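> Take a look at this one; I'll ask things after.
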Amino acid sequence: MSGPNTDYDPVEVTPLKSEEVESARDAALAAIADAADLETLKQVRIDHTGDRSPLALANREIGALPPQARKEAGQRIGKARGAVNQALAARTSVLEAEHEERMLVEETVDVTLPTDRTPPGARHPITTGSELIADIFVAMGWEVAEGPVIEAEWLNFDALNLGPDHPARTMQDTFWTDPQDNGIVLRTHTSPVQARTMLTRTPPIYVVCPGRVFRTDEYDATHSPVFHQVEGLAIDEGISMAHLKGTLDHFATSMFGEGITTRFRPSYFPFTEPSAEVDLVCFVCRGATVVDGTDGPVTCRTCRGEGWIEWGGCGVVNPRVLRACGVDSERYSGFAFGMGIDRTLMFRHGLEDLRDLFEGDVRFTTAFGTEI
Amino acid sequence: MKAPVSWIREYVDLPAEVTTEALAARLTALGLKLEAIESPRDTITGPLVVGRVLTRDPEPQKNGKTINWCTVDVGDANGTGEPQGIVCGAHNFDVDDLVVCVLPGGVLPGNFAISARKTYGHVSSGMICSAAELGLSGEADGIIVLPADAGRPGDDAFAVLGLDDEVIEFEINPDRAYALSLRGVAREAALAFADDGATFTDPARRATPAANADGYPVVLDDPEGCALFVARVVSGFDPSATTPGFIARRITQAGMRPISLAVDVTNYVMLEIGRPIHAYDADKLTGPIRVRRAAAGERLTTLDGTDRALDTGDLVVTDDSGIIGLGGVMGGEPTEISATTTRVLVESAHWDATSMFRTGKRHKISSEAGKRNERGVDPVVCEAAADRVVELLTTYGGGVAEPGVTVVGSVPTAAAITAPLDLPARISGMPISAEATIGALEAVGCTVTRAGDDLTAIPPTWRPDLNDPYDLVEEVARIVGYDQVPSVLPTPGAGRGLTRGQRLRRRIGRTLAGAGCVEVISFPFVGTAALDQLGLPPDDPRRRAVRLANPLSTEEPFYTTTLLPGLLRTTARNLGRGAPGVALFETGSVAFPGDRGQAPIYGVDRRPSDDELAQLMDAVPDQPLHLAVVLAGERERAGWWGAGRDAAWSDALGVVRRLAAELGVEIDVRSAALAPWHPGRCAQVTVAETGALLGHAGELHPKACQAFGVPPRSAAVEIDLDVLLAAAREVVPGPEFSTFPQAKEDVALLVDADVTVAQLEDALRDGAGELLESIRLFDVYTGEQVGAGRKSLAFALRFRAPDRTLTEQETGAARDAAVAAAVERCGAAQR
Ligand SMILES: [Zn+2]
């Protein structure tokens, strides 16, 4: 608070004398107009409207006037004070606007300064990719089933019609736990989750099973002993290969865009009959087999000019599997499919080296953010 | 399976205009998947000609090698008719041999351009080629010596070598063993082009001499293992007879190497008809041939020179001298065909596929014969195949077929399959008529009869894979065409969506990423070294791990019990690659052996009972889902805003608290000592409500940091997510809060250094009573003013009543009560 202005000697204003009131008013208006900043204006406000200002003092004297003179004096003084207050308000808002404008200019910062005080986090594309796939199926009314990765041999093989002599059941393909005859393996596919589902639930069953699987593969740009798979299983009355095709077409289109559909080729898997390899329309040339090169059209490298890319395996669930898992194979039929999540992501994101997914370089993972 | 197109066409009259690509595409659609088309003209350009070696002068060189300076008659191919001088490093040829020469101007595979060049003191005008140099086979074992009748000097060698003939390589699925022969491939080709009128001529259909009593004596002791044994003998065989060009060429095209006429002929017939044949030197056989299972302790040196201990499951061929072969898999050395063999016994036998597979696997023998025998060969062609071998041996080897014909045993007939007539249409989802269904099955060789709404199919002898009604569905579907399957979305009922656990796990991942942590996925294998690096004591439960029988690396034989080693290694890798700091997290299962015995192997003809299933699932090791976080190096960056900050123990606790808050789980934190954490900076975290152990968080032990190559003071978390998820609040109750004014009271309390913030806070909270809205530590002071062994903790207490503005007296009383409790319970003194 600033103290009383001792330099200022208030002129006494006689409330009845209009010229004195007007002169006090004019002095106030002039001072207001002259005030160059809010600080000055504050003092002007005290001087001209404060308790000791001429108009305030004059106002105070009104009560001492004879009743007949009070009204006129009151009106005169009130009018003058009104004019002064109005001018003050107007000047205040002008000066405040000027002040604000100046402040905003002064406070300008360089908005290109870095703001990366805390580094960003990210989720792994295999995680978010698995979720994306799960969401595509959940949106169709399916459920996501899961199971242990260290699994009973019977569930990983026998229940799926991979008999004791199936070539996959060797040390060359499967990680066995020690001792090898204890009936426990690292699952070689997510199919045991399907078996568990059939064993513990009654149809209709529509489940998708993403997860980590193990095979004693070499570790290179396109193979890994630890990888990820998504399998689907539908068991219901009247299920056919047509439903399998419809489901995979929808899946492919959801993952890779309109026009990317699937093709079936006869194949062999013990757990399905009939069985098919499922190919995907090449998402690079979109089946055209050629793409634009720098010197004109060249054969598409992604599909090697075939127009199609191998995606996974599928088929109608072998009734032997249904039987081992307690599903009435006379009443129900089913389809199953499986493909590599890692491979699917390599396609979708143009990844060159599978090992990037497992090296954990934050520069790789951070690029994918928290959703893909 | 590599099939030369010319050989396929020998058995199926495909229209001339059908290209190799079109043939391969149609066969792929039928289930014989195209792997590659080999066309030598793509990689070799002429002049590639037949030459006759005129002179061959060996010249030893200073480098120890001996080269041959040769002159070769190449006819007019060199434009002069003069002999061509060529230096050759191989020695497997002689004067007068026919060889293959590439002349200057030619280009061999690998863009290898040939020109006349000076070498070893001669001008070598071209090259005498090996099979490998022409890209014909993988091994370079000398140059190609052509059969004497292969052609004349100067002839274009492309035709002689069959290089004009394209070869289709197919991937043959295990159920289509019949397609491991030209007979099978041609049969499929006829199916593929049936609409174009293509018909199949069966190379195995031939008149064979009837069995008689004069054949070589054979006894089958194990008719299940060997159901049929056909033996024929060719005598007067000329062991020096060379393999005719077409046989050498075709088996080379099929990926096998020509060896000798007798061996090449058996391989040729195996490729042609699909039936593996074994040839014995009949003069080395003593007494009758007998087929039986091996007895315990028996041994055999197979013709690859390996001495093998036999298993009682192995099928062996014996004579009076003992075991002479591993039946259907590999012969023994003593009775093998040699360069002096003049009497050949041809064995064409039908072996049990399972026994073949087991023997091959047991002895790690992988051969072309084994590949066919273990997948199932047409049992009916034994006699035809033997007869074809005899025909070729006598034609090109100069011998005569002995009149004796041995046929012992008989082949089982295929069981009929009965199925609803509409099953193929229903299961394939294609509108296939009854007539089309029967037509398709007949096209693949089934004998079909119809009875009402059912059909009965007897599979052809070459299709042992057809056993079930659904097998017939696949046959019908592939004949109609998989490309005809319509695309129809199934209509499941309303789904339950993601489970709560699945949704919470997504939430945990997002929360951690939001806190600046980057997710990684590591291989879940660990070795003792890493557990030592963590500093785990010998009795730590994390040292009891599930061991793998065949680990990727013997250094890491366990399925991991902790996610920290993988994360720490990835941390070090990132820091080594220049990251100033990293915060990594991983969620994944770890495993602890359950010691609950073996997991049983049940049958598959029925569902196991609930008890059996429970026993099975109980034997599977416990695999809790863990979450681990490692924070190392710079956590907040330095910048124009000021200094940065390295990760510390508190960041680890911060992550845990943030997760717990996100899931609505109240946790208790107390100090603990557990490797690999710093014993004074490790927190044990439990679920407040149940006391269940969540895990640990804090600063890593300096030794652990050093062992893994991460900076000192790196921090880590490892918690059991299953425990956290189980404790997660299901439904958040609507919070009640007051809008009356808040009253603030700050108190500073002096306590002994070993009193924890949590203890003091609990005391203050209990003392303050219901009016306390929140309490928060805002300052910790140690130093001279409070004295050694003491510390000052300053708390901000915030009071509020639900129904009124608090008076100063009320607030003061609550504060005093809080302090009084702290004094009483923690020995605190107010500053
Ligand atoms: Zn393409």
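> Only counting other Cβ atoms within 10 Å, I'd like B:LYS371, B:LYS703, B:LYS744 sorted with the fewest neighbours first. Could you put the intermediate results ahead of the total?
Details: B:LYS371 17, B:LYS703 14, B:LYS744 11.
Final ranking by Cβ density, sparse to dense: B:LYS744, B:LYS703, B:LYS371.
> Please rank B:VAL656, A:VAL111, B:VAL755, fewest neighbouring Cβ atoms within 10 Å first, as an exposure proxy. Kindly include the intermediate steps, with their values, before the conclusion.
Working: B:VAL656 23, A:VAL111 6, B:VAL755 20.
Going from sparsest to densest Cβ surroundings: A:VAL111, B:VAL755, B:VAL656.
> Moving to a separate point now. Can you give me the C-alpha center-to-center distance between the range B:265-307 and the range B:500-574, rounded to a whole angstrom?
Value for the Cα centre distance between the two parts: 52 Å.
> Take every residue in peptide A:143-153, count the Cβ atoms of other chains within 10 Å of its Cβ, and give the average of those counts. Walk me through the intermediate numbers first.
Numbers: counts 7, 6, 1, 4, 3, 7, 8, 11, 5, 12, 6.
Across A:143-153, the average partner-chain Cβ count within 10 Å equals 6.
> Under 29 Å Cα-Cα from A:LYS17, which lysines qualify once same-chain neighbours fewer than 8 residues away are excluded?
A:LYS42, A:LYS71, A:LYS79
> Still on this model: Can you tally the net charge around B:ILE44? Count Lys and Arg as +1, Asp and Glu as -1, for every other residue whose Cβ sits under 12 Å from the Cβ of B:ILE44.
Values: positive: B:ARG41; negative: B:GLU38, B:ASP42, B:GLU133, B:ASP156, B:ASP164.
Charge balance in the 12 Å sphere: -4.
> Summing Lys, Arg as +1 and Asp, Glu as -1, what charge do residues with Cβ under 10 Å from the Cβ of A:ASN161 carry, A:ASN161 excluded? Mind showing how you got there, number by number?
Values: positive: A:ARG320, A:ARG323; negative: A:ASP158, A:GLU273.
With Lys, Arg at +1 and Asp, Glu at -1, the neighbours total 0.
> Within the range B:474-517, find all residues whose amide N lies under 19 Å from a label point positioned 7 Å from the Cα of A:THR253 along Cα-to-beta-carbon.
Inside the label zone: B:483-492.
> Follow-up question, since we're still on this one. Helix-only mean residue ellipticity at 222 nm, the protein assembly as shown, DSSP H runs n ≥ 4 weighted -39,500 (n - 2.57), per residue, nearest 500. What is it? Before the final figure, lay out each step's value.
Numbers: 33 runs with 363 residues, N = 1203.
The helix contribution divided over the protein assembly as shown gives -9000 deg cm²/dmol.
> Sorted from fewest to most neighbouring beta carbons within 10 Å, what does the list A:SER130, B:SER410 look like?
On the way: A:SER130 22, B:SER410 11.
Least crowded to most crowded, the residues run B:SER410, A:SER130.
> Could you grab the relative contact order for chain A? Cα pairs under 8 Å, six or more apart, rounded to a whole percent.
On the way: 584 pairs, mean separation 57.4, N = 372.
Value for chain A: 15 percent.
> While we're looking at this one, here's another question. Within chain B, what's the longest run with no GluC sites (Glu not before Pro) in a DSSP loop and at most 10 other beta-carbon atoms within 10 Å? Give the range, please. All intermediate terms of the calculation are to be shown ahead of the outcome.
Working: sites that count: B:GLU17, B:GLU139, B:GLU730, B:GLU736, B:GLU784.
Within chain B, the longest run free of exposed GluC sites (Glu not before Pro) spans B:140-729.
> Next up: Just check the range B:329-403 against the gyration tensor rule for me: Cα atoms, a ≥ b ≥ c as the square roots of the eigenvalues, rounded for a/c under 1.5, and otherwise prolate or oblate depending on whether a/b exceeds b/c.
Numbers: a/c = 3.01, a/b = 1.57, b/c = 1.91.
Verdict is oblate for the range B:329-403.
> For a 29 Å ceiling on Cα separation, which of these pairs sit above it: B:LYS2/B:LYS364; B:LYS744/B:LYS791; B:LYS2/B:LYS284?
Numbers: B:LYS2/B:LYS364 23 Å; B:LYS744/B:LYS791 23 Å; B:LYS2/B:LYS284 35 Å.
Distance filter (> 29 Å) returns B:LYS2/B:LYS284.
> Then there is this: What are the ³J(HN,Hα) couplings of the range B:759-771, residue after residue, when phi is run through the Karplus curve with 6.51, -1.76, 1.60 and θ = phi - 60°? Round to Hz, x for glycine and proline.
5, 5, 5, 4, 5, 4, 5, 5, x, 5, x, 5, 6
> Mind checking which lysines have their C-alpha under 30 Å from B:LYS65, skipping anything on the same chain fewer than 8 residues away?
B:LYS118
> Could I ask something else about it? Would you mind getting me the FRET efficiency between A:LEU38 and B:THR807? Use the beta-carbon distance for r and R0 = 56 Å, nearest 0.05. The partial results should precede the final answer.
Working: r = 40 Å, r/R0 = 0.71.
For A:LEU38 and B:THR807, the calculated efficiency is 0.90.
> If you average the alpha carbon positions of the range B:318-396 and of the range B:788-831, how far apart do those two centres end up, in angstrom?
About 95 Å separates the Cα centre of the range B:318-396 from the one of the range B:788-831.
> I would also like to ask the following. When the dipole is taken about the Cα centre of chain B, and only Lys, Arg (+1) and Asp, Glu (-1) are charged at their Cβ, what size is it in debye, to the nearest 20? Write out the running numbers ahead of the final one.
Values: 79 positive and 113 negative charges, 530 e Å.
Dipole magnitude for chain B comes out near 2540 debye.
> For B:THR449 and A:ASP328, what is the calculated FRET efficiency with R₀ set at 25 Å and r taken between the beta-carbons, to the nearest 0.05?
Details: r = 28 Å, r/R0 = 1.12.
According to the calculation, E is roughly 0.35.
> To the nearest 20 debye, what charge dipole does the range B:42-161 have about its Cα centre, counting +1 at the Cβ of each Lys and Arg and -1 at the Cβ of each Asp and Glu? Kindly include the intermediate steps, with their values, before the conclusion.
Values: 7 positive and 15 negative charges, 105 e Å.
The calculated dipole for the range B:42-161 is roughly 500 debye.
> I've got another one for you. Quickly work out the B:SER553-to-A:ASP26 label distance, labels modelled 7 Å from Cα along the C-beta direction, and quote it in nm with one decimal.
The modelled label-to-label distance comes out at 9.9 nm.
> Which percentage, to the nearest 5, of the DSSP beta bridges contained in chain B is antiparallel? All intermediate terms of the calculation are to be shown ahead of the outcome.
Values: 141 of 146 bridges.
So the antiparallel bridges in chain B amount to around 95 percent.
> Using 0.36 nm per residue, how much length does the chain from B:GLU391 to B:ARG831 gain when fully extended, once their Cα-Cα distance is taken away? Please report the intermediate quantities before stating the final value.
Working: separation 440, 0.36 × 440 = 158.40 nm, distance 11.32 nm.
Full-extension gain reported as 147.1 nm.
> Using the Cα gyration tensor of the range B:42-161, with a ≥ b ≥ c the square roots of its eigenvalues, what is the shape: rounded (a/c below 1.5), prolate (a/b larger than b/c) or oblate (neither)?
On the way: a/c = 1.32, a/b = 1.20, b/c = 1.10.
Taking the square roots of the gyration eigenvalues as a ≥ b ≥ c, the range B:42-161 is rounded.
> Continuing with the same structure: Suppose every K and R has +1 on its Cβ and every D and E has -1 on its Cβ; what is the size of the dipole of the protein assembly as shown about the Cα centre, in Debye to the nearest 20? Write down the numbers at each step before the final one.
Details: 113 positive and 170 negative charges, 389 e Å.
Value, rounded to 20: 1860 debye.
> Still on this structure, please answer the following. Could you tell me the relative contact order of chain B? Use alpha-carbon pairs under 8 Å, at least six residues apart, and round to a whole percent.
Numbers: 1734 pairs, mean separation 65.1, N = 831.
For chain B, the relative contact order is 8 percent.
> DSSP loop (so not H, G, I, E, B), at most 14 other Cβ within 10 Å: list which trypsin sites (Lys or Arg not before Pro) in the range A:291-328 pass both filters.
Values: sites: A:ARG301, A:ARG304, A:ARG320, A:ARG323; in loops: A:ARG301, A:ARG304.
For trypsin sites (Lys or Arg not before Pro) across the range A:291-328 that sit outside H, G, I, E and B with at most 14 neighbouring Cβ atoms in 10 Å, the list reads A:ARG301, A:ARG304.
> Let me ask another. By the gyration tensor of its Cα atoms, with a ≥ b ≥ c the square roots of the eigenvalues, what is the shape of the range B:1-67: rounded for a/c under 1.5, prolate for a/b over b/c, or oblate? Kindly include the intermediate steps, with their values, before the conclusion.
Details: a/c = 3.74, a/b = 2.66, b/c = 1.40.
Note, shape of the range B:1-67 comes out prolate.
> Rounded to the nearest 0.05, what FRET efficiency do B:SER367 and A:GLU359 give with R0 = 56 Å and r taken as the Cβ-Cβ distance? Could you check? If you can, show how the numbers build up before the last one.
Working: r = 40 Å, r/R0 = 0.71.
That gives a FRET efficiency of 0.90.
> Right, another one. Rounded to whole Å, give me the distance from the Cα center of the range B:156-171 to that of the range B:37-114.
Cα centroid of the range B:156-171 versus Cα centroid of the range B:37-114: 20 Å apart.
> Within the set of other residues whose C-beta is less than 13 Å from the C-beta of B:LEU310, count the net charge using Lys and Arg as +1 and Asp and Glu as -1.
Details: positive: B:ARG292, B:ARG293, B:ARG299, B:ARG308, B:ARG358, B:ARG362; negative: B:GLU298, B:ASP307, B:ASP311, B:ASP314.
Once positives and negatives cancel, what remains is +2.
> For B:433-441, what's the mean count of beta carbons from other chains sitting within 10 Å of each residue's beta carbon? Let's see the in-between values first.
Values: counts 0, 0, 0, 0, 0, 0, 0, 0, 0.
Partner Cβ neighbours, averaged per residue: 0.
> Let me ask another. Among B:CYS129, B:ALA279, B:PRO608, flag the residue with its Cα farthest along the positive direction of the charge dipole of the protein assembly as shown, charges on Cβ as +1 for Lys/Arg and -1 for Asp/Glu.
So the residue we want is B:PRO608.
> Still on this structure, please answer the following. Give the average, rounded to an integer, of partner chain Cβ atoms located within 10 angstrom of each Cβ in B:479-489. Please report the intermediate quantities before stating the final value.
Working: counts 1, 0, 2, 11, 3, 2, 11, 6, 11, 9, 8.
The shielding value for this peptide is 6.
FYI, it's all coordinate maths here, none of it is from the lab. None of these values were measured; they are calculated from a predicted model. Note that each Cβ is placed from the backbone with ideal geometry, even for glycine, and that neighbours are counted across all protein chains shown.
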